[in-house]
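Every read-out reported here was derived from the displayed coordinates using simple, explicitly stated rules and does not represent laboratory data. Because the structure is a prediction, the values reported are computed rather than measured. All Cβ positions, glycine included, derive from the backbone under ideal geometry; neighbour counts span all protein chains shown.
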Amino acid sequence: MKLATTATAAVLALAATAAVFTAPAAVAAPYTNCDVDQAALALRGEESTVFEQINKMRADAGLKAVTHTETMARPAEWASNDSAERGTSPADHVDTLGRDIKTRFAQCGVPTDAPKIAEINFFGTEVAPADAMRFWSNSPGHRAIILDGDLTDVGVSVIYQGDRRHWTVTFAKGKAAAPAATVTRQNLTGAQHQAEFDSLVAQGYRISDITATSGSDPRYSSTWVRNDGRAWQARHGLDSRTYQSEFDKLLAQGYRLTLVRGYEVDGASRFVGIWEKNDGRAWQARHDITVQAFDSTAGQLAGEGYRLVHQHRYTVNGQTFVAAIWNK
């Protein structure tokens with residue numbers, strides 16, 4: 001887990017090492033001794049700065065940019081946490097479990113047939129991204145890894161421990177993993193869900209399902225699939241009035257509601273919803289209606305040729321309400 005802190009650029013202690021391997025690791029099950037905070041795998045803050053500076057170095061050298069992936073971020077995040085716990089970044093890149101980078105990469109889910117993998121690390125007191133980049137740029141071994149034209153994928157992680165920063169950057173040749181067909185996220189705060197939303201959309205995914213827990217601090221769980229090119233929209237955390245406003249706006253833009261779920265926050269209803277560009281079909285939707293009103297509406301719409309395709313029942317202040325969708 002990343003801990004927020006502030007720091008100056010004064011460097012009081014530095015250490016950095018590099019390692020590169022060209023032989024694949026032994027086959028291992030993904031995520032063996034590699035538990036990390038899933039939300040921490042997305043680039044943010046100073047990690048984004050280092051990632052951008054790495055690609056600037058490569059661009060200045062006439063090389064293609066590397067791509068940040070969750071697959072490569074996982075072993076980097078694990079190593080940074082491991083370094084923070086021991087208070088140093090190991091020069092030999094062997095972690096506290098005795099794993100070299102080949103074994104750690106494999107156990108963190110990096111394909112064992114990756115033709116080349118590499119890692120650089122750095123730690124110090126009150127060190128900024130510029131300090132790490134300066135050190136790596138001036139170190140022949142580290143610079144050679146950053147400017148290795150064979151390497152295409154990267155993971156960047158920084159862990160804050162008091163006034164110290166522990167950096168790890170992992171590299172691999174070739175796509176470290178084909179994009180997963182389905183991705184899930186569980187029990188995220190609203191802010192974490194939004195961060196994952198932005199990250200997964202940028203990676204070509206679209207949300208196909210979302211749930212939310214009731215309470216003062218709702219948690220969101222979602223399922224994502226590779227987008228097939230369709231236009232879509234999603235919203236979360238909307239009160240009833242805002243939901244209706246978004247519903248009307250998206251309807252005017254030609255979107256059709258495909259999923260809606262209600263939940264309670266501080267005694268009031270909230271909604272999550274997913275919309276897709278309509279394919280011409282007729283449809284109807286309702287939210288915040290009582291069970292009795294739902295039964296009446298369902299009967300009426302069935303008589304008009306509509307078919308119930310989605311319903312969700314939720315409780316607000318002890319009363320059950322229904323959100324539902326019908327298609328022709």
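Among Ile207, Thr258, Leu301, which residue has its Cα furthest toward the positive end of the charge dipole of the chain, with +1 on Lys/Arg Cβ and -1 on Asp/Glu Cβ?
Looking along the dipole axis, the top candidate is Leu301.
Two decimals is fine: what is log10 I(q)/I(0) at q = 0.14, 0.23 Å⁻¹ for the range 218-261, from a Debye sum with one equal scatterer on every Cα and no solvent?
-0.40, -0.98
Among Ala268, Leu151, His312, whose Cα sits farthest toward the positive end of the charge dipole of the chain (+1 at Cβ of Lys/Arg, -1 at Cβ of Asp/Glu, about the Cα centre)?
So the residue furthest toward the plus end is His312.
Using only the Cα atoms of the range 190-304, what are the Rg and Dmax in Å?
Rg and Dmax of the range 190-304, Cα atoms, are 15.1, 44 Å.
Using a simple charge model, +1 on the beta-carbon of Lys and Arg, -1 on the beta-carbon of Asp and Glu, nothing else, what dipole does the chain show about its Cα centre, in debye to the nearest 20? Mind dumping the intermediate values first?
Numbers: 34 positive and 36 negative charges, 166 e Å.
Rounded to the nearest 20 debye, it is 800 debye.
Taking the chain as a Gaussian network, where each spring joins two C-alpha atoms under 10 Å apart, which residue of Asp37, Asp82, Asp60 fluctuates the most?
Top of the fluctuation ranking is Asp60.
Using the alpha-carbon atoms, what tilt in degrees (0 to 90, nearest 10) does helix 129-138 show relative to the longest principal axis of the chain?
Between helix and principal axis, roughly 40 degrees.
Say the dipole of the chain comes from +1 at the beta carbon of Lys and Arg and -1 at that of Asp and Glu; which of Gln194, Met57, Trp283 then lies farthest toward its positive end?
Comparing the listed Cα positions along the dipole, Trp283 ranks first.
Which whole-number percentage describes the relative contact order of the chain, with Cα contacts under 8 Å and a sequence gap of 6 or more?
Working: 665 pairs, mean separation 53.9, N = 328.
Dividing the mean separation by the residue count of the chain yields 16 percent.
So how do Ile210, Ile120 line up by other beta-carbon neighbours within 10 Å, fewest first?
With the sparsest Cβ surroundings first, the list reads Ile210, Ile120.
Taking the Cα atoms only, what angle lies between the long axis of helix 240-252 and the longest principal axis of the chain, rounded to 10 degrees?
The answer is roughly 90 degrees.
Under unit Cβ charges (Lys, Arg +1; Asp, Glu -1), what dipole magnitude, rounded to 20 debye, does the range 179-309 have relative to its Cα centre?
Dipole about the Cα centre, nearest 20: 340 debye.
Which shape class applies to the range 63-165: rounded if a/c is under 1.5, otherwise prolate when a/b exceeds b/c and oblate if not, where a ≥ b ≥ c are the square roots of the Cα gyration tensor eigenvalues? Walk me through the numbers before you get to the answer.
Values: a/c = 1.74, a/b = 1.13, b/c = 1.54.
Verdict is oblate for the range 63-165.
If one takes the longest principal axis of the Cα atoms in the chain, at what angle in degrees, from 0 to 90 and to the nearest 10, does the Cα axis of helix 70-86 lie?
Once rounded, one gets 60 degrees.
So what's the back-of-envelope 222 nm ellipticity for the chain, counting only DSSP H runs of four-plus at -39500 (n - 2.57) apiece and dividing by all residues, rounded to 500?
Rounded to the nearest 500, the figure is -9000 deg cm²/dmol.
Mind ranking 322-328, 269-275 by how tightly packed they are, going by the mean number of other C-beta atoms within 10 angstrom, highest first?
The peptides rank, most packed first, as 269-275, 322-328.
Working only with C-alpha atoms, what are the Rg and Dmax values of the chain, expressed in angstrom?
When restricted to Cα atoms, the chain yields Rg and Dmax of 24.1, 76 Å.
Inverting the mean 1/r over all pairs of different Cα atoms, compute the Kirkwood radius of the range 114-273 and quote it in Å.
Kirkwood hydrodynamic radius for the range 114-273: 19.1 Å.
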